[in-house]
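The values are calculated or read from the model by the stated rules, or taken from the named source; none is laboratory data. Being a predicted model, the structure only gives us computed values, none of them experimental. Heads up, the Cβs are rebuilt from the backbone with ideal geometry, glycines too, and the neighbour counts pull from every protein chain shown.
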Amino acid sequence: MVAHGRQCKIEGSQATARQTAELLRSVISQQRVPYTNQAGALIDAVKAVGEQLIAANPVELAVGNIVRRVLHIIREEDLSLTTAAIGELNLSAVSDDENDDDRDGNTTLSAAAVAAAARSTLRPPSLQTLLEDTPVSAAVPQTSSSGAADKSSRSRKLKHDVIEAVNELIQDIVTCHEQIAEQAVEHIHQNEVILTLGSSRTVSEFLFAAKEKKRSFRVFVAEGAPRYQGHLLAKELVARGLQTTLITDSAVFAMISRVNMVIVGAHAVMANGGVIAPVGMNLVALAAQKHAVPFVVLAGSHKLCPLYPHNPEVLLNELRSPSELLDFGEFSDCMDFGSGSGSPLLHVVNPAFDYVPPKLVSLFITDAGGHNPSYMYRLIADYYSADDLVVQRRAIAGN
Amino acid sequence: MGAQKKRAAAAAAAARVSEDPDDLARQPLQAILLADSFTTKFRPITLERPKVLLPLVNVPMINYTLAWLEAAGVAEVFVFCCAHSKQVIDYLENSEWFSQPNFTVKTIESHNIISAGDALRLIYEQNVIHGDFVLISGDTVSNMSLTQALQEHKERKKKDNNAVMTMIIKKSKPSPITRQSRLGTDELFMAIDPNTKQLLYYEDKADHSKGTICLDKMLLAENPSISLHNDKQDCYIDICSPEVLSLFTDNFDYQHLRRHFVKGLLLDDIMGYKIFTHEIHSSYAARIDNYRSYDIVSKDIIQRWTYPYVPDVKFCGNRATKLERRGICFTAFNSEIEQSRSAQVGSFTVIGYGTKIGSNSKISDSVIGEGCTIGSNVLIEGSYIWDNVIIEDGCELRHVIVCDGVIMKAGAVLKPGVVLSFKVVIGERFVVPAYSKVSLLQQPTVHDSDEELEYADNSSGTVEFSSIQGTADQSNGEMTSESSEAHKPKLGTGGVGYIWSICEGGQEEEWRHSVAPIPEDKLTELSEAMDDDQELVTQDRTALSTSGELISDSNASEGDDNEDSKDDSVYFEKEVEATFLRAVEENVKVDHVILEVNSLRLSYNMTSADCAGAVFYSMMKLAIKTPHSSAIGLLTLYPSPFSMVASNAYPIYLSGELQQNTANIITTWQKLLKSYLLEIDEEIEIILKFEEMCLESAKEFSPLFARILHILYDKDILQEDAILRWADEKEGADESDKVFVRQSEKFIQWLREASEEED
C-alpha cells in the first residue's frame, strides 16, 4: 500500500528510518488486536509490512534495522507485561505450554537462536533472556483463562506501551544528530586538522557543534566524486566560519600526513564493526591507517545493522546510473551496439558504496557514546532481539 | 562542472517554483500516453500482442513509461488504446497502476483510429485535457525530471501565447557510416535557435544520396544565428499546451506527430505557432521504434543508464532480481533459477524467474524471460528470449528475438536478426536464415500501398487471419495437414509457422533496423561508398559538419545553388557513363543511346555541350577499361596514384594498345558523339574535357594527347577551327596549363599551315 511509492524517492538513512518508524507506528495503531496472543498478532503485522518495505528498497539497510527494532520493542513490552502477570498468577504456566495451539513456527525455530543469543548477548537480567522465548507463547493461554476485563485492558496496555516506545524510537532518530554532536568537544581539539569525505549531515552537525564551543580547527573536505557532495559541505562549513580546504578524492593520500583526525559518516554499520560508506571511503581509511591517523565514524543507532556483511541477504552495494560519471551524449558513439559484436567496448560502472573493514576503524561515535569496532555486537544485542535477525527469509518462506 | 551547472539550474528552478506554487498546484499535470505506435515495424509480433506490452528486460514496456510519468509528477494519465485494446486494458486493470494514490490511469479505447492525429482529435472531443500535458507514446523509456522543462514551457507560454510545444531532445551522435542514429532511426537534422531554443527546422527523412539538405532562405534571413544539428536525438516526449489538440482538430489531415504536425507548424507562418526544444544531458530518454532500438534500449537498461528503472530495483510489477558479479560486469539474476554447474552465464545478462539452464550452455549479453527451459550445449548471444520458451540441446541463437512459447528443437540455428513470433516451432537442425521473421500467422498480403499510411488497421485484419489459418495450427500443435504444408516454407521436421517474405524496403534495408549488429561487410561497403562521396564533398566546398553555426549572410544561399549545379553535373556524368557502358555491353543501337542521353539531359537540365563532354568522357573511360586481359588494365581501372606507377612502368606497351582502343571506340561511336557537336563551342568543350581527364582522372592519356587529338580530327569529330580556337585560348594561360598545347604544337602548326594554304 503505502510501501510501493517508496522506491528510491527518499534520500538518506535518517529520513528513511524515521518514515519507516512512523509507518510502522501507524500499522500498529491500526492493527486490531485479538484477545489471544496480541504480541504475536502485532509481530506478524509488522513483519508483513516490514518485508514489503525491505523488498522495496533492499539497499537501504536502515529500513530493515527499524523494522527489527520495532519488533524488538514489541517483544520487550510484551515480556515486561508477562513478567508482571507471572508475578501475579504464580508460575503455573509451564504445564499449559504443551497444549498450546497458538504455538506457531516462530517459536520452534527460535529455541536454538535464543540459546545462542543468550550466550552471546550477556545481558544483565540473564534469566529474563532465557525466559524470553517461552513466555511469549506460554503467557498467552494464561491470559485467556483470566477475566475478559483484564484481557482488554492488557491488550490496550500492550498496544499503548508499544506505540509509546516507538515514539521514543522516532524521537531518538530525530535527535541522533544532536546527541552525536554533543560529544564533539571531547574529540576535536584546538588547532586540529580534520579530514572528511563527501557530505554527511551527522558530520556537519558534529563539526558545527565543535565550532560553537569555540574550538578553532581546520577542515579538509574531499569532494566525494561522482556526486560531489563535498562541494556542498564546504559551502556550509564556510558559511559557519570554519577554515575549509577542498581537495579531490585522489589527493587524500597526499594530504593525510597533515591531518590529525578523519571524521566521516556511514551508510550502515555492520555487526562485525565493518562500515558501508560512500565510495572512496576505503581509500581514505587505508591512507589514515598508513599514517596512523585516527579514523572516526559517526553513525546514528538506526544505522546499526544486526547482520554481518557476508550474509547473503545483505545487499552491500548499489550501482547507480553511469550518467553521474559522464555525459551520455558525448560518449554515445562509444556505446553503439549496432556494429561489431553487438556489445559495447565501453562499460561504465558507478557503485555507490565501499566496505571498510573493522580493523581500519578506530572509533565509532553513536548517540550512545563512543565505541570500539569490536564492541558493536554488544550494542546490537541491546537493540535487537535475536529472533528477528532473519525476519525477511522466514517471511518469504511463510508465504 | 556539469554537476555545478545542474545544481544552479535546479536552484533556479526551485526559486521559480516558490514564486507561484499555487499555479502548479491548481493544475495537476496530465499526460496522454498513446498505447499504439501506428506503425507496423514490430510485425509479426504486434499481430498478436500490442507493442506496449512487449517485455523489455522482462517488464512490459508500458510499465517503464507509466513508472516514469508517476515519478515525474504527472497526476493523471490517459492511455489511448487502439490495436489490441482489450489486451492493454486487461493488463492495466490487473496491474498496480489503477490502485496508486495520487496517480490515476484512465483508458480511452477506440478501434477505428489509424494515426496519432486521429487519436488526439478523439481525445480533444472527449474534452478531458484542461491544461498543459505530456504527450508520450507507451514505448518510451526515460528517467528525466520534468520540472525544469515544464517550468520553461510555462514561462515561455506566459510570454508568448504561440509557444505551444516543448520537445525533449538529447545528444546522441549518429553513425557517420550508416547515416542512422544508434537507435536505428534515420539521421535527424534540426535547426535550433541557440538563444531561444526555438525549433526552426526538422527533417528526419533527409536524402543522404545527395549529401545536401535544403534550408529555406527565409530561415537565415529571419534569424541572426541558427545552429544546425545532426547529433540530436528526438526523445518523442513533448510537453504540449492544450492548443495542440485543437490544432489537430483544425488540421484534420495531420496524421503523424512529427512528419505532419511538427513540420506543418514549422512551415505555417500564418498562425505563428512555435515549437521549442529542451535538451537533457544527464538523464536518459529514448523511444523504441524498431527492433534495433529494442536491442539498444534493452542494453542501456542493463547498463543502468535508465536508473532507477533497472532490473534490480523494483519499480512496478517486476520481481526483485539480484545482481551478481561476473568479472567486472554485472548480471541480474532471479533468486530462483536452476542453473547447471557447467553453464556459463556471461556479463550483462538478465535471467528471469524459474528458468532452467542446462550444462555447458553459454549465455552472454542476453535477456531471458521467466519459465524458460534451455537445454545443454546451447549458445545464446545478444538475444532476447521471452517467457516459457523451450530451447533444446545444441541450439544456437545469435542476436535474435524469441517470443513467448516458442519451441526450438535440438540443433536448430537462428541466424542474426531473426524474429520468432509467439508459439512458433522450429524443427530439428533447421537453420533459419538471417533477418527472417517467422510467425504462426500468414503474412498479410493486402498491403497498404501508401507507406505513409501504414497505420495499424491490423487489429481487424489480423483477427481474420488468425481465425482462418492460425487456429488450425494452434489446435493441431504440429503441422500435419498436408494442404498447408504444400504452400508453407517448411521450418524443418515438426516445425510450425510461416517465414514471412521481406516486403517493404527489401533485404537491402533489413539490416538497418534488425536486432543484430550491422554486419562487418556492410560497414566496409558503406564506408567505401562514403569515401567516394567524400571526393564529391571535398569538391563542393562545404562538408556538412556535425553541428556548425551558420551565420546568416547572402552568400550562404547562393553557395547552395552553386553546390547544387555542381553536384548535378557530377551525377549527370555518372549517369551518362552508366548508360553508355550499358549500351556497349548490350549492343544498343546508337539512336537509342542518343535518345536516352537526351532524356537525361532534360531531366538534369544540361546543355548539349555538357552532353558532349560526358559522352566523350565515358568513351575515353571505356577505352582505358578495354584491355582487361592485362594486369595493367586492371590497375588502370582505379584512377589512383598507383595507376600512375603502372603507366610509367609500361609506357610503350600501354600507349600502343590504348591508342588502338581509343581509335576503335571513337570509330564505333562517332555518330553518338557527333549528334551533340552542333557548334564549335561543344567541340572546344570536348578538348577541354579531354585535357582535364589527362590531368586528373585518366593520366594514361597524357602521353597520347596529341595523337588522339589527331584521330578525332581525322574522324571529323573535331574541326580545325575548334582546335585552333582552343590553342588560341590557351595562349594566355599559365605554363602548367599549356602542357598539352605544347605537346600538340606540331599538329596545330600543321593545321595552321594547312588552313593558310587553303586560303
Is it the case, given these coordinates, that A:T175 is surrounded by 18 or more Cβ atoms within 10 Å (Cβ to Cβ), polar (S, T, N, Q) and not in a loop (DSSP other than H, G, I, E, B)?
no
Residue identified as at pLDDT below 70, of a type in the set (F, W, Y) and not in a loop (DSSP other than H, G, I, E, B) among B:F701, B:F642
B:F642
Can you run down the residue pairs with Cβ atoms below 6 Å, 6 or more apart or on separate chains, where the first is in the range A:227-247 and more than 13 Å from chain B (Cβ to nearest Cβ) and more than 16 Å from A:E212 (Cβ to Cβ) and the partner is among the hydroxyl-bearing types (S, T, Y) and in a loop (DSSP other than H, G, I, E, B)?
A:L233/A:S199
Please tell me if B:K263 is charged (D, E, K, R), assigned to a helix (DSSP H, G or I) and under 29 Å from A:N350 (Cβ atoms).
no
Being within 14 Å of B:P55 (Cα to Cα) and at pLDDT 90 or above is true for just one of B:V413, B:V402, B:V378, B:V406. Which residue is that?
B:V402
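Each row is one residue, and each column tells you yes or no for (1) within 14 Å of chain A (Cβ to nearest Cβ); (2) modelled with pLDDT of 80 or more.
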site: B:E152; (1), (2): no, yes
site: B:E155; (1), (2): no, yes
site: B:P174; (1), (2): yes, yes
site: B:R179; (1), (2): yes, no
site: B:P194; (1), (2): no, yes
site: B:Q198; (1), (2): no, yes
site: B:A206; (1), (2): no, no
Based on what the data block shows, is B:T140 of a type in the set (S, T, N, Q) and under 28 Å from B:Y273 (Cα atoms)?
yes
If I ask for residues that are in contact (Cβ under 8 Å) with a residue 60 or more places away in the chain and surrounded by fewer than 21 Cβ atoms within 10 Å (Cβ to Cβ), which ones from the range B:370-386 would you list?
B:E370
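Matching residues to (1) touching a helix residue (DSSP H, G or I) at 6+ places or on another chain (Cβ under 9 Å); (2) modelled with pLDDT under 90; (3) within 30 Å of A:I66 (Cα to Cα):
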site	(1), (2), (3)
A:N282	yes, no, yes
A:K290	yes, no, no
A:M335	yes, yes, no
A:P344	yes, yes, no
Run B:D234 past the list (1) under 20 Å from B:T65 (Cβ atoms); (2) modelled with pLDDT under 85 and report the number of the one that doesn't hold.
(2)
Can you find, within the range B:65-76, the residue that is surrounded by the most Cβ atoms within 10 Å (Cβ to Cβ) among those that are in a helix (DSSP H, G or I) and within 14 Å of chain A (Cβ to nearest Cβ)?
B:L66
Quickly run through the range B:77-103 and pick out the residues that are surrounded by fewer than 19 Cβ atoms within 10 Å (Cβ to Cβ), within 14 Å of another protein chain (Cβ to nearest Cβ) and in contact with a strand residue (DSSP E or B) (Cβ under 7 Å, 6 or more places away or on another chain).
B:F98
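The rows are residues; the columns are (1) at pLDDT below 50; (2) surrounded by fewer than 24 Cβ atoms within 10 Å (Cβ to Cβ); (3) in contact with a strand residue (DSSP E or B) (Cβ under 8 Å, 6 or more places away or on another chain).
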site: B:K5; (1), (2), (3): yes, yes, no
site: B:A8; (1), (2), (3): yes, yes, no
site: B:D36; (1), (2), (3): no, no, yes
site: B:T40; (1), (2), (3): no, yes, no
site: B:L47; (1), (2), (3): no, no, yes
site: B:L56; (1), (2), (3): no, yes, yes
How many residues does the range A:206-230 contain that are touching a strand residue (DSSP E or B) at 6+ places or on another chain (Cβ under 9 Å) and either of a type in the set (S, T, Y) or modelled with pLDDT of 90 or more (or both)?
14
Would you confirm whether any residue within the range B:218-232 is under 24 Å from the mean Cα position of the chain (by Cα) and away from chain A (no Cβ under 14 Å)?
yes
Those residues that are within 14 Å of another protein chain (Cβ to nearest Cβ) and among the aliphatic types (A, V, I, L, M), I need them from the range B:129-150; list them, please.
B:V141, B:M144
For the range B:392-411, give me each residue that is more than 14 Å from every other protein chain (Cβ to nearest Cβ) and either more than 22 Å from B:Q442 (Cα to Cα) or of a type in the set (S, T, Y) (or both).
B:E392, B:D393, B:G394, B:C395, B:E396, B:A410, B:G411
Give the residue, chosen from B:V350, B:V389, B:V367, that is more than 14 Å from every other protein chain (Cβ to nearest Cβ) and buried (at least 20 other Cβ atoms within 10 Å of the Cβ).
B:V389
Kindly list the number of the only condition in (1) among the hydroxyl-bearing types (S, T, Y); (2) closer than 25 Å to A:E330 by Cα; (3) surrounded by fewer than 20 Cβ atoms within 10 Å (Cβ to Cβ) that fails for B:S246.
(2)
Please work out which one of (1) β-branched (V, I, T); (2) more than 14 Å from every other protein chain (Cβ to nearest Cβ); (3) part of a strand (DSSP E or B); (4) touching a residue at least 60 places away in the same chain (Cβ under 8 Å) is the condition B:I108 fails and give its number.
(4)
Which one is farthest from the other protein chains (Cβ to nearest Cβ), of the residues in the range A:52-70 that are closer than 16 Å to A:A271 by Cα and in contact with a Lys or Arg (Cβ under 8 Å, 6 or more places away or on another chain)?
A:N65
Matching residues in the range B:262-294 - criterion: being farther than 30 Å from B:P519 by Cβ and aromatic (F, W, Y)
B:Y273, B:F276
